[in-house]
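The values are calculated or read from the model by the stated rules, or taken from the named source; none is laboratory data. All of these numbers come straight from a predicted model, not from anything done at the bench. Don't worry about glycine lacking a Cβ; one is built from the backbone with ideal geometry, like all the others, and counts go over all protein chains shown. Ligands, DNA and RNA are excluded from the accessible area calculation, which covers all protein heavy atoms including side chains. Shrake-Rupley method; radii C 1.70, N 1.55, O 1.52, S 1.80 Å.
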Amino acid sequence: MSSSLTLPADRTTERPRRLLLVLGGALIVATYLFLVTVQPTEIAGGMGSAASLVSLFGFLGGGALLVGGILPMLTTSSLVIMPLGIALNIAIGQVAGSLGLQIYLDAIGTVLVAVLAGPAAGAATGALSNAVWGLFNPFALPFAAGAALIGLLAGLAAQHGAFRRVYLAPVAGLVVGAIGGLVAAPVAVFMFGAAGTFGTNAIIAVFRSMGDKLLVAATKQGLLSDSLDKIVVFVVVALIVYALPQRAVRQFPFARTHRVLGARSGQRARMTAGAGSAG
């Protein structure tokens with residue numbers, strides 16, 4: 001089992017950690033509000049503009065603060081899986097975008113980390129993924145706040161049993177995707193004119209042809225695409241974590257403590273531990 005990187009937290013260490021979490025979350029939210037309010041369209045031109053640098057600092061800095069806040073409660077296995085989650089997000093998301101799909105598939109790593117390591121680790125993975133991705137794909141950067149929200153909600157869903165049965169995962173994905181679509185729509189409209197992949201642009205064009213204004217059409221597209229996307233992502237992640245060996249899942253205290261996979265990560269783990277001590 002992975003050992004914790006720090007000694008058990010007391011009140012003197014818990015307060016600074018919570019402060020880092022609050023500051024990190026506040027910085028990400030403030031950067032999101034800045035983008036939606038100021039609508040700096042020059043960010044689409046690359047990383048040289050002031051708005052791009054502000055966004056990079058806000059999202060990357062906020063993600064770093066979140067990581068600093070959750071670091072004391074992370075095990076070695078959790079720290080190892082976060083870079084893996086970031087790499088999965090960028091690699092799969094880049095391929096899906098290049099193919100012009102109507103879904104994004106850029107949150108598989110975020111949700112996987114959230115299910116195994118918890119909401120805070122999921123939120124940090126989501127924010128850092130888009131911040132790093134934004135270094136060579138500026139369109140990804142402004143959506144870092146939504147990516148962090150997806151990680152947070154996925155972790156909370158796992159904590160409350162959304163992955164204890166495979167058929168519960170798509171329901172959780174539907175809810176999380178709908179919320180994510182509502183958050184992403186203003187950024188897509190105000191900063192990029194709702195431009196996206198070929199598939200998402202086609203959906204928006206259909207709603208526009210029906211008389212919807214751009215924001216309304218983009219919101220409907222977000223609700224449709226994000227909901228479908230997260231249904232697929234949550235099911236894929238559920239299949240991944242159920243395919244993992246029980247010993248691997250038990251390396252993560254969050255998955256073990258909250259029994260995110262039901263009897264697999266809880267009761268059976270205790271039975272195995274009891275059998276070992278009896279022997």
| note | Per the list (1) assigned to a helix (DSSP H, G or I); (2) closer than 15 Å to Phe139 by Cα, residue check on Ala123 breaks on (2)
| request: Go over the candidates Ala121, Ala96 one by one and state the one that is within 17 Å of the chain's Cα centre (by Cα) and either surrounded by fewer than 21 Cβ atoms within 10 Å (Cβ to Cβ) or hydroxyl-bearing (Ser, Thr, Tyr) (or both). | output: Ala96
| message | Checking the structure you have, find out if any residue of region 39-62 is modelled with pLDDT of 90 or more, part of a helix (DSSP H, G or I) and surrounded by fewer than 22 Cβ atoms within 10 Å (Cβ to Cβ). | response | no
| said: For the condition touching a Gly at 6+ places or on another chain (Cβ under 7 Å) and either in contact (Cβ under 8 Å) with a residue 40 or more places away in the chain or farther than 25 Å from Phe59 by Cα (or both), what is the one hit in Gly151, Gly161, Gly177? | reply: Gly151
| task | Run down Gly155, Gly100, Gly161, Gly173 and say which single residue is on the phi > 0 side of the Ramachandran plot and modelled with pLDDT of 95 or more. | result | Gly161
| message | Tally up the residues in region 150-168 that are under 21 Å from Gly222 (Cβ atoms) and of a type in the set (Gly, Ala, Ser), please. | response | 3
| query | Looking only at residues in region 68-85 that are open to solvent by 30 Å² or more (accessible area, probe 1.4 Å) and among the aliphatic types (A, V, I, L, M), which one is farthest from Gly262 (Cα to Cα)? | reply | Leu71
